[in-house]
Amino acid sequence: MLKPRPVKLSWLIRTGRLSEFSPTALISEKLGIDWLMMFDEYVYGPGPGIVELLDLILRYVKPKSFLDLFGGSGALSKLASLRGVRKITYIDLYPDAAILNLRGVSGVEIIKGDAMNFSRLGVYDVVVADPPRELIDEFLEKVDDLRKIFRKTCLIWIGDVEELEERSSLLKGRRMVKTIRAWGDCFATLWKPGFGDIVKHIKDLIEYG
């Protein structure tokens, strides 16, 4: 396995590894994300589902603090900053691209570490988690602990549409959680009392337009 490394978005497009019209490229350019992480020639960047869904959450919930678990390129932290969040904490084992992308962005703390150990990070208004596919099941087992660290809402990527039934079973019977489909991906959205109507409205906007 090659060491994960940050690569320039412009280089990815110039060499044909990424289409300039791909959602990842278009979103990155819109957010001012110039660097993405590459793992064994696979490029990790922001996807349209999580970006659009999180953007709606940020607009409607209006958080003052934000925790970005498995933050990757830092695109979601950048989005939170653009939406006016003043306290942002980013954590990932490989923050190299995020360090470059978030340089000069005020109010952002970048932590190099294991996002699975989120309990020690404090409490935030909104939490987003974009775990690697191989860690999703283990992460969902920590939902009860996760509820202790957000005040308003939490968004978790749980895989593509084909995985929805399998992952939904891990959340079955839990209160204050909805699964939302967006751009071929599925997300678990958790909330605290008082935010259920907002989550339902966002789900309707995303899934029904």
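The values are calculated or read from the model by the stated rules, or taken from the named source; none is laboratory data. Nothing here was measured: the structure is a model prediction, and the numbers come from that model. A quick note on method: Cβ atoms are made from the backbone with ideal geometry, for glycine too, and the neighbour counts reach across all protein chains shown. The area values use the complete protein model at the heavy-atom level, side chains included, leaving out ligands, DNA and RNA. Shrake-Rupley method; radii C 1.70, N 1.55, O 1.52, S 1.80 Å.
For the range 54-153, GluC sites (Glu not before Pro) meeting the loop criterion (DSSP other than H, G, I, E, B) and having at most 12 other Cβ atoms within 10 Å: 141. Comparing Cα centroids, the range 136-209 and the range 48-72 end up 13 angstrom apart. Potential lengthening of the chain between residue 123 and residue 83 amounts to 12.5 nm, from the contour at 0.36 nm per residue minus the alpha-carbon distance. A DSSP coil position with no more than 15 other Cβ atoms inside 10 Å describes the following trypsin sites (Lys or Arg not before Pro) in the range 171-209: 172, 174, 175. Spin-label model, residue 172/residue 106: points 7 Å from Cα along the beta carbon direction are separated by 5.0 nm.
If you add up the charges near residue 164, with Lys and Arg at +1 and Asp and Glu at -1, over every other residue whose beta carbon is less than 13 angstrom from its beta carbon, what do you get? Every neighbour counted, the sum reads -3. The stretch between residue 164 and residue 8 holds 52.9 nm of extra length on full extension. This uses 0.36 nm per residue minus the Cα-Cα distance. Expressed per residue, the C-alpha convex hull volume of the range 50-209 stands at 104 Å³. The lysines whose alpha-carbon is closer than 22 Å to the alpha-carbon of residue 87, local same-chain residues fewer than 8 away aside, are 30, 62, 64, 78, 112, 148, 152, 192. A straight Cα-to-Cα reach below 15 Å connects residue 203 with the aspartates and glutamates 52, 55, 185, residues fewer than 8 places away in its own chain not being considered.
In this structure the amide hydrogen of residue 124, modeled in the peptide plane, comes within under 5 Å of the amide hydrogens of 150, 151, none closer than 5 places in sequence on its chain. Think of it as helices only: each DSSP H run of n ≥ 4 in the chain is worth -39500 (n - 2.57), and spread over all residues that comes to -9500 deg cm²/dmol at 222 nm.
In the context of the full set of protein chains, residues of the chain present 50 Å² of accessible surface per residue (probe radius 1.4 Å, heavy atoms only). For the range 21-133, the equivalent ellipsoid built from the Cα gyration tensor has semi-axes of 20, 17, 13 Å, listed from largest to smallest.
Fully extending the segment from residue 135 to residue 201, taken as 0.36 nm per residue of separation minus the present Cα-Cα distance, adds 20.9 nm.
Each residue of the range 42-56 was assigned a 3J(HN,Hα) from its phi angle through the Karplus expression (A = 6.51, B = -1.76, C = 1.60, θ = phi - 60°), giving 9, 9, 9, x, x, x, x, x, 5, 5, 5, 5, 5, 4, 5 Hz with x at Gly and Pro.
When DSSP beta bridges are restricted to pairs lying wholly in the range 15-167, around 15% turn out antiparallel. If R0 is 41 Å, the Cβ-Cβ spacing of residue 41 and residue 181 corresponds to a FRET efficiency of close to 0.90. Shown for the chain: the carbon plus sulfur share of the solvent-accessible area, taken with all protein chains present and a 1.4 angstrom probe, equals 51%.
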